[in-house]
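The values are calculated or read from the model by the stated rules, or taken from the named source; none is laboratory data. All values derive from a computational prediction rather than experimental measurement. Neighbour counts are summed over all protein chains in view; Cβ atoms, including those assigned to glycine, are modelled from backbone coordinates with ideal geometry. The protein model used for the area step is the full one, side chains on, heavy atoms only, and it has no ligands, DNA or RNA in it. Shrake-Rupley method; radii C 1.70, N 1.55, O 1.52, S 1.80 Å.
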Amino acid sequence: MKQLVNLVYLIVALLVLGGCGDGTSVRKLPHSGDTPYQQDTILVIYATEPERALRLLDSAMALGNISDYRGQFIRATIYSKSLMEQQQDSAISICKTLLTHDSVRNEPVEKENILDILIATARAKSDDEAYLQWATQKVSICQQQSEETERWRTEAEIGLVMTHLGQVSEGLKKLDEAISRLDSPGSINRMDAFIIAVKRKINALSDMGRNEDVIPLAQRILDRLDHYEQHAKDYAEDSYRLSWSDHPADRDRYLDFCRAQAWAFMAQAYAQKSHHGDVKTEKQTAAEKAHKYLALFEQSGYSKTFMARQMIAPAQMALGMYDEALATYDEMENRMGADTLNADYALILRSRAIASRSKGHIAEALDYQTRYANLSKQVSDSLHKSQAHDYAARYHAQEQQLKIQERQAEAERSHIFSVALIIIALMAIIFAVFFFRQKRIVSEKNRALMRLINGLPAAEFSGENEEADRETEEESVSADTAFFHHIEHTIRTERLYANVNLQRQDIMERFGISRHALNDLMNRYAGGLTFPQFINTIRLEEAKHILDTQGDTTLTAIAEEVGFTPANFREQFKRCYGMTPAEYRKEQEEK
């Protein structure tokens, strides 16, 4: 279930976050399949065809391929990315209901995923109060679960919303702390969290018009992506965004998405610099760089999505590319329908006024400008300074409460530790008493045995005793050998090896033996192999048998049948037999 959630969450992330950056190479991404049986396909299709994605979701639920809970989760995910306030509200309503579902109450991971949707929706609605509420809840869960990377990813969200609430210095400080905590390579999950934290600071700086400061931050994203590609093997496979898939296209899609974001940030920053600069040569240089990064962005696979077009439109406006920007705004209006009482529509009116004025359509520009001014009065400044301070005070109160809870938890841990030490000391004393008592009993029995031995003829006792020892030793070895072969036979005949998550603990519980006993059997009868090596040996033998006898079975199917992931199957097979499964099959066919 957790892997399923991670799969959905990856695709959601690839659709939500927008941007652009620096680099020289651009990848073309494959078109996704069209089937109602794959939830990731539904979410990918949503990027360009939301209505079709919802129809596919309905079909998948009707066919029973997606459970009601999972279907509602995906529906909330789709609604949360809508421009229509009604659908965004529906996403919030669905998520609040899902938080009470049995699948969520005792599953922190599920709750985190739902809170992520609520956070994203609050951000889209510019609802800073809800934004802060859900982000603070998620931080609390992350602290309870000791999820430091996810915690600082979410702390960056809180830092952004604090800047929105008027606490600019405090918010930027929190963003800098999150970036610093996450700024080290070696983990895919930490790299992804680092990129998100940097993007949140870029969002904050862009809102403040500090475009000059955006450029080095976007470059840091590109540098980290380059480092990952050059040293991919040094990064731990610990992220739901990449480790769920061994398919190169999925990793390329993630890297393309992140680079496109960085390029978009670069294009926007340089476009604004060219638009508002003072020195003509500097403005011209900035415009050239903006066009450069915009061209890179346009070559990316992500740029074809609606959200990417929406993101890059302000840069196009600043560069005078009015026709391209207005095409995006036309699409936004079609998506909004009658839902035009919002800041997005106000931005469209303002942009249309600028475009009309630049084309010499003064009357049309005046009409758009008047409509923009009237609409802005209704939708802008919804949070007054007093409200902002109130929200900030609530956050500080919650932060203080968390600190109190942390101190209480620390005191409880100290008390538990002291009690544990006392219990361990008592157990040690009891064990020592028991040990010495047993030793005394054994000693007394030995003395009694020696007295008995002294009463028997030496030769008779020696011969009988040696023969009994040999028989006892042979019986013990025979029993251990039979038991090991029984375990191996069960693993093979019942195909326990086919379970990719098979653990040593499963075998210990199945046959009622200790870890020490199992390791001893492995050392004596499995050639010194460890348990994972022993299981992989069986898997490879079974895979080789299938390759020899079933020529039409795909390598992916063989890997799943014997308990490997496709990538691990290829690596293990080559390590054992000196060639990949595909090479082995080809060699057998040629024979």
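Computed values, structure above
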| item | result |
| --- | --- |
| THR580 being open to solvent by less than 40 Å² (accessible area, probe 1.4 Å) and not aliphatic (A, V, I, L, M) | yes |
| Number of the exception - ILE430 against (1) open to solvent by 70 Å² or more (accessible area, probe 1.4 Å); (2) at pLDDT below 85 | (2) |
| Residue that is nearest to THR493 (Cα to Cα), among those in the stretch 543-576 that are open to solvent by 70 Å² or more (accessible area, probe 1.4 Å) and more than 34 Å from the chain's Cα centre (by Cα) | HIS545 |
| Any pair with Cβ under 6 angstrom, 6 or more apart, that starts in the stretch 536-552 at a residue that is free of Cβ contacts under 8 Å to residues at least 24 places away in the same chain and ends at one that is of a type in the set (A, V, I, L, M) | ILE546/ILE558 |
| Verdict on ALA295 being out of contact with any Asp or Glu (no Cβ under 6 Å at 6 or more places or on another chain), without any contact (Cβ under 8 Å) to a residue 60 or more places away in the chain and either at positive phi or open to solvent by less than 20 Å² (accessible area, probe 1.4 Å) (or both) | no |
| Yes/no for ARG70 being closer than 25 Å to THR340 by Cβ, modelled with pLDDT of 80 or more, under 20 Å from the mean Cα position of the chain (by Cα) and open to solvent by less than 50 Å² (accessible area, probe 1.4 Å) | no |
| Residue check, ARG407 at pLDDT 70 or above, closer than 27 Å to GLU170 by Cα and of a type outside the set (Ser, Thr, Tyr) | yes |
| Positions within the stretch 127-136 being surrounded by 19 or more Cβ atoms within 10 Å (Cβ to Cβ) and among the small types (Gly, Ala, Ser), in sequence order | ALA135 |
| Some residue of the stretch 141-161 being surrounded by 16 or more Cβ atoms within 10 Å (Cβ to Cβ), outside any helix (DSSP H, G or I) and touching a helix residue (DSSP H, G or I) at 6+ places or on another chain (Cβ under 7 Å) | no |
| Residue that is under 26 Å from LYS359 (Cα atoms), in contact (Cβ under 8 Å) with a residue 60 or more places away in the chain and part of a helix (DSSP H, G or I), where the choices are GLN316, GLN310 | GLN310 |
| The stretch 343-369 residues that are within 30 Å of LYS125 (Cβ to Cβ), paired with ones that are at pLDDT 80 or above and among the basic types (Lys, Arg) (beta carbon under 6 Å, 6 or more apart) | LEU349/ARG371; ALA365/ARG357; TYR368/ARG352 |
| Flag for ALA124 being closer than 30 Å to GLN310 by Cα and open to solvent by less than 40 Å² (accessible area, probe 1.4 Å) | no |
| In the stretch 567-585, residue nearest to THR556 (Cα to Cα) [restricted to those that are out of contact with any Leu (no Cβ under 9 Å at 6 or more places or on another chain) and either at pLDDT below 85 or of a type in the set (A, V, I, L, M, F, W, C) (or both)] | ALA567 |
| Residue pairs meeting the criteria (Cβ under 9 Å; at least 6 apart or on separate chains; first part of a loop (DSSP other than H, G, I, E, B), in the stretch 50-75; second open to solvent by 70 Å² or more (accessible area, probe 1.4 Å) and at pLDDT below 80) | LEU63/TYR37; ASN65/TYR37; ASN65/GLN38; ILE66/TYR37 |
| Residues of the stretch 104-128 that turn out to be over 21 Å from MET84 (Cβ atoms) and touching a Lys or Arg at 6+ places or on another chain (Cβ under 9 Å), as a count | 8 |
| Residue satisfying all of: in the stretch 116-140; not in a helix (DSSP H, G or I) and not hydroxyl-bearing (Ser, Thr, Tyr); nearest to ALA76 (Cα to Cα) among these | LYS125 |
| Any hit, the stretch 172-180, residues being of a type in the set (A, V, I, L, M, F, W, C) and open to solvent by 20 Å² or more (accessible area, probe 1.4 Å) | yes |
| Number of positions in the stretch 301-342 that are open to solvent by 30 Å² or more (accessible area, probe 1.4 Å), hydroxyl-bearing (Ser, Thr, Tyr) and at pLDDT 80 or above | 1 |
| The one condition in (1) over 29 Å from ASP252 (Cβ atoms); (2) open to solvent by less than 50 Å² (accessible area, probe 1.4 Å) that ASN189 fails to fulfil | (1) |
| Residues (of a type in the set (Ser, Thr, Tyr) and assigned to a helix (DSSP H, G or I)) located in the stretch 77-115 | THR77, TYR79, SER80, SER90, SER93, THR97, SER103 |
| Looking only at the stretch 346-359, and only at residues there that are of a type in the set (Ser, Thr, Tyr) and buried (at least 20 other Cβ atoms within 10 Å of the Cβ), the one that is nearest to LEU375 (Cα to Cα) | SER351 |
| Enumeration of residues in the stretch 494-514 that are surrounded by 13 or more Cβ atoms within 10 Å (Cβ to Cβ) and touching a Lys or Arg at 6+ places or on another chain (Cβ under 9 Å) | LEU496, TYR497, ALA498, ARG504, MET508 |
